[in-house]
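The structure appears right after this line, and notes come after that.
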Amino acid sequence: MSRIQANLLLLLAAAIWGGGFVAQSTAMKAIGPFWFIGLRFAVATVVVLPFVWMENRKAAKPLTPRNWLSFLLIGIALFGGAATQQLGLLTTTVTNSSFITGLYVVFVPLIAVIFLRRAPHWIIWPAALMALCGIYLLSGGSFSRLSIGDFLTVICALFWAAQITLTGSAVNETGRPLGISAMQFAVTAALALGVAIVIEPISVTDIRAALGEILYVGVFSSGLAFALQIIGQRYTTASQAAIFLSSEALFGASLGALLLGETIGPLGYAGCALMFAAMLSVELVPELARRRGVTA
């Protein structure tokens with residue numbers, strides 16, 4: 001596979017994820033957020049299971065109780081991210097949600113600093129400041145104008161960052177990315193359905209009304225897009241992958257405007273641009289510095 005083809009696969013994955021924000025938003029016209037989360041990840045679990053079976057056949061060593069515990073923690077982090085993002089979409093726009101969620105790329109190295117005591121690349125500090133300024137501009141120049149949904153989405157980005165950090169460690173230790181995916185999907189589905197049964201009404205009619213959105217995010221956002229990312233990243237550089245995958249936020253905002261009629265003001269666009277620049281700088285600057293060091 002050529003690098004151009006790989007980058008196009010990553011761009012397609014980002015477009016699918018961007019469309020997922022629209023599906024998540026429109027689904028809640030028919031179904032509660034926790035039922036939606038539970039059903040989408042139940043579908044995702046089923047989609048991934050055949051690939052897990054193939055992965056297990058090639059595994060060099062069995063999983064330990066410690067591995068299973070780490071998989072469980074990853075699932076809990078994914079549930080936290082999915083729940084806060086879905087609840088946030090009740091009171092924020094697809095545009096805001098897609099860009100604020102993308103801040104997980106800034107939060108990942110911050111988590112490494114706080115919990116793993118790893119010294120960050122210098123770019124993380126100006127990137128974090130850019131991200132904060134971006135959120136401020138997205139709010140129209142006043143944090144008081146941010147909705148509860150916006151704040152929930154910031155928490156969502158923190159959960160995503162924790163999930164990514166834990167997953168990276170677990171993949172390096174076990175070499176089972178698909179097994180981890182299936183486990184985290186299953187844990188998230190179980191937790192969300194447990195909450196939904198207690199607090200949200202449901203009917204067959206509700207599920208039918210949201211079935212298209214459930215299948216889209218379950219099959220495409222969680223199943224297909226994940227596979228495209230894994231394949232694409234094998235044949236391109238980390239810096240190029242970061243650029244194409246970060247376009248998820250742009251696709252989310254564009255589709256929100258096209259399909260839902262969302263609009264933001266000039267300050268909002270400036271805020272989106274700042275956050276997008278922060279996301280890219282965290283990924284690109286360390287990689288470019290590393291490549292200069294290798295070629296020097």
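Which numbered condition in (1) in a helix (DSSP H, G or I); (2) surrounded by fewer than 16 Cβ atoms within 10 Å (Cβ to Cβ); (3) charged (D, E, K, R) is the only one that K61 fails?
(1)
Exactly one condition in (1) at pLDDT below 80; (2) in contact with a helix residue (DSSP H, G or I) (Cβ under 9 Å, 6 or more places away or on another chain); (3) more than 22 Å from V47 (Cβ to Cβ) is not met by A296; state its number.
Of (1) at pLDDT below 80; (2) in contact with a helix residue (DSSP H, G or I) (Cβ under 9 Å, 6 or more places away or on another chain); (3) more than 22 Å from V47 (Cβ to Cβ), only one is false for A296: (2).
Output yes when any residue across the stretch 78-87 is in contact (Cβ under 8 Å) with a residue 60 or more places away in the chain, over 30 Å from G32 (Cα atoms) and surrounded by fewer than 23 Cβ atoms within 10 Å (Cβ to Cβ), and no when none is.
no
With I135, I124, I100 as the choices, which residue is more than 19 Å from the chain's Cα centre (by Cα), over 23 Å from S181 (Cβ atoms), in contact (Cβ under 8 Å) with a residue 24 or more places away in the chain and buried (at least 20 other Cβ atoms within 10 Å of the Cβ)?
Matching residue, one of I135, I124, I100: I124.
Among the residues of the stretch 106-137, which ones are outside any helix (DSSP H, G or I) and among the aliphatic types (A, V, I, L, M)?
Answer for the stretch 106-137, where residues must be outside any helix (DSSP H, G or I) and among the aliphatic types (A, V, I, L, M): L116, A119, I123.
Within the stretch 251-265, count every residue that is touching a residue at least 12 places away in the same chain (Cβ under 8 Å) and in a loop (DSSP other than H, G, I, E, B).
Final tally of qualifying residues: 3.
Please verify whether R40 is more than 24 Å from L215 (Cβ to Cβ) and in contact with an Asp or Glu (Cβ under 9 Å, 6 or more places away or on another chain), treating the condition exactly as stated.
So R40 fails the test.
The values are calculated or read from the model by the stated rules, or taken from the named source; none is laboratory data. Small disclaimer: the values here were computed from a predicted structure and weren't measured. When we count neighbours, we look across all protein chains shown, and the Cβ atoms used for this are built from the backbone with ideal geometry, even at glycine.
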